[in-house]
Every structure is written in C-alpha cells, then in structure tokens.
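S.K.: Pasting a structure here, questions to come.
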Amino acid sequence: MHKADVDTLRLQLLAEATALGFAALGITGIDLTEDERHLDRWLAAGRHGEMDYMARHGTKRSRPAELLPGTLRVISARMDYWPPGGRDAQQVLADPTSAYVSRYALGRDYHKLMRKALAKLAAQLEEWVGPFGHRVFVDSAPVLEKALARNAGLGWIGKHTNLIARDAGSWFFLGEIYTTLELPIDAPASAHCGTCTACIPACPTGAIVAPWQLDARRCISYLTIELHGPIPEELRRCSAIASTAVTTASSCARGTSSRARRATPTFARATRSTHRGSPSCSPGAPRTSMRACAARRSTASATSAGCATSR
C-alpha cells in the first residue's frame, strides 16, 4: 500500500471512528513479550486470588495470534464515558445528601455499545480494503487491552496499573479489533508519572503494593465480584471513595479536560477505566452490603485482573 493510500485510509478510519463515538484510535503490533513476563510473575505470586481463569487461558492473553490465528495488528479504540456536565467525583462523594453511582454505569451497556461500533468500523474498513480476517473484543476474551492500548499510543499505564490519557484521565472504555491486515503501526505512548506516587496511598485496602504492582486479593473490586467466600474482616472497613480515590489521586489520572471532551478522536493520542465510585459501607457490613462498595463491573475482564496484568 502506497504512503498516500495509507494516509487516506487513516483519515477515513478516523472520520468513521468519530462518527461512531470513539475519542481516540491507534494501531499496534502483537508483541507483548514483556507484558507476558509481568503476567507470569503476577500469577506465580498468587496475586490473582481465586481468578483461576487468569491462568487457565494460558498465553492466549498475551499472544493475540493464538486467540485469532493470523493476527498481525490490533486496532485499539477508546470511548469516553464521563457524562456531559457531570459533577466532580470528589464533590459528590463528599455530599452526604447524594448517592454515588459509578460514572460508567450512568450510560448504556458499554459491552453492547462498543462491540456494535467496532463491528461497524471493521465492516467499513472491509469495504475500503476488501475482505480480511478480524475479530472484535470488548471484555469478551482474554486480551491485554491496556498493554495493547499503550503500544498503540492511546496512553500510558500508571503506577496504579490503569491506563491514563493526558486529556481524559482514566474515564473511558477500551475495545479492540484483532486483524490480519498488516496496517502501519503507531508509536507507543510515553509515560508521565515521573516521581508521583499519589495513587498508591490512596488505595484504602493497600492493594497497590508497589508501583505497577497490584494484589487483587486486597482489591475492593475483587472482594465484591470475584471472591466466593466472605470478605476478610480487616478489609471490610472500606471507604466510599475506594476505587474513585485511586483513579482521581493524581492530576493526570483525573484528566486535564474531563469536563470538556474533544469533538473528534485522535489517532494514537494519549488514552477503559478500571475504577469506579461507590456508596459508602460500614465496618462489619455483610457481604451483600459490601458489594455496593465497588463498582459491579470494570472495563477489564475483572478489575483486579485488568489492573494487574497490563504492565
């Protein structure tokens, strides 16, 4: 494909992505060697807790061609979910007269919404270049989506193990199109955490045990979604700001323009958030009540798993 054709295709792809509601788009290769090593170390340390499926999927998570034979490229797409005119998360949490509903849950089911949009994007691409092998994913298979998004230039992985975009924080979803097309790839995103460690002490259960290391067994989302038994008593004194505290701990994680989103997406510009807000809990609350302490779902297969495996 000639450079002029490639440039035209990229512009067409961006225009279509804009029309479908995406805020950013990037293309990357399928080499996740270092991320696979990180995943292996995390599993060996037992930090996945009872999430046996994290190990059961084997290398399919870190080797895209094993999930879709012939995969050469991954198109990573970002869709923002911060509601227009939404109040600052900390203000809502501090208001005793208001309940806090996870921001991502204020809209339609993102699984269906994004999957449909990505399928349309792939169909349009097929009209332009002809038939090709592809598969769309939105939390529907073992995918190292944050690592892929980072490599596609959509953002960097912070020390809390979430993907961060300079313009949107972590208030977005991610979806992927695995494709057999040998499309030109984008440059990976650069990291901008520097010496900041604000997210680490912000976690009320100490789940972020070190920069870029998360112990799912202490994560509130894991405790309220994945854990089959009772929540350990020492972790029951959760805070209402739980997951939101980590997401909004630093200025980068909050996003520099979370209240004013761009009208068009960028191709491989800085960046599915894996943390949400929640109602408050009291010490010793029963499991049914504790479930409200964290969001019901994340933008990863499981919040804890998604946080821990994408570095």
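The values are calculated or read from the model by the stated rules, or taken from the named source; none is laboratory data. Just so you know, these numbers come straight off a predicted model, no measurement behind them. Every residue, glycine as well, gets a Cβ built from its backbone with ideal geometry; the counts of neighbours run over all protein chains shown.
S.K.: Give segment 144-191 a look and list any residue that's among the polar types (S, T, N, Q) and not in a loop (DSSP other than H, G, I, E, B), or say none. Walk me through it before giving the result.
M.R.: Of segment 144-191, the ones among the polar types (S, T, N, Q) are 151, 161-162, 170, 179-180, 190.
Passing the criteria: ASN151, THR179.
S.K.: Related question: Based on this model, can you work out whether LEU93 counts as surrounded by 13 or more Cβ atoms within 10 Å (Cβ to Cβ) and within 25 Å of ARG150 (Cβ to Cβ)?
M.R.: no
S.K.: Something else about it: Of all residues being surrounded by fewer than 18 Cβ atoms within 10 Å (Cβ to Cβ) and polar (S, T, N, Q) in segment 176-200, which is farthest from TYR110 (Cα to Cα)? Just the residue, please.
M.R.: THR195
S.K.: I want to confirm something. Restricting to segment 1-30 and keeping residues that are among the charged types (D, E, K, R) and surrounded by 13 or more Cβ atoms within 10 Å (Cβ to Cβ), which single residue is modelled with the highest pLDDT? Walk me through how you get there before you give the answer.
M.R.: Initially, segment 1-30 is screened for residues among the charged types (D, E, K, R), giving 3, 5, 7, 10, 16.
Next, from what is left, pick out any that are surrounded by 13 or more Cβ atoms within 10 Å (Cβ to Cβ): 10, 16.
Details: ARG10: 87, GLU16: 96.
Per the stated criteria, the residue is GLU16.
S.K.: Still on this structure: Report yes if ARG236 is in contact with a Cys (Cβ under 7 Å, 6 or more places away or on another chain), at pLDDT below 95 and either crowded, with 21+ Cβ neighbours inside 10 Å or on the phi < 0 side of the Ramachandran plot (or both), otherwise no. Spell out how you get there, then give the answer.
M.R.: Working: in contact with a Cys (Cβ under 7 Å, 6 or more places away or on another chain): no; at pLDDT below 95: yes; either crowded, with 21+ Cβ neighbours inside 10 Å or on the phi < 0 side of the Ramachandran plot (or both): yes.
For ARG236, the condition - in contact with a Cys (Cβ under 7 Å, 6 or more places away or on another chain), at pLDDT below 95 and either crowded, with 21+ Cβ neighbours inside 10 Å or on the phi < 0 side of the Ramachandran plot (or both) - is not met.
S.K.: State which residue is farthest from GLU176 (Cα to Cα) when the search covers only segment 96-123 and only residues that are surrounded by 17 or more Cβ atoms within 10 Å (Cβ to Cβ) and not hydrophobic (A, V, I, L, M, F, W, C).
M.R.: Checked segment 96-123; the qualifying residue farthest from GLU176 (Cα to Cα) is TYR100.
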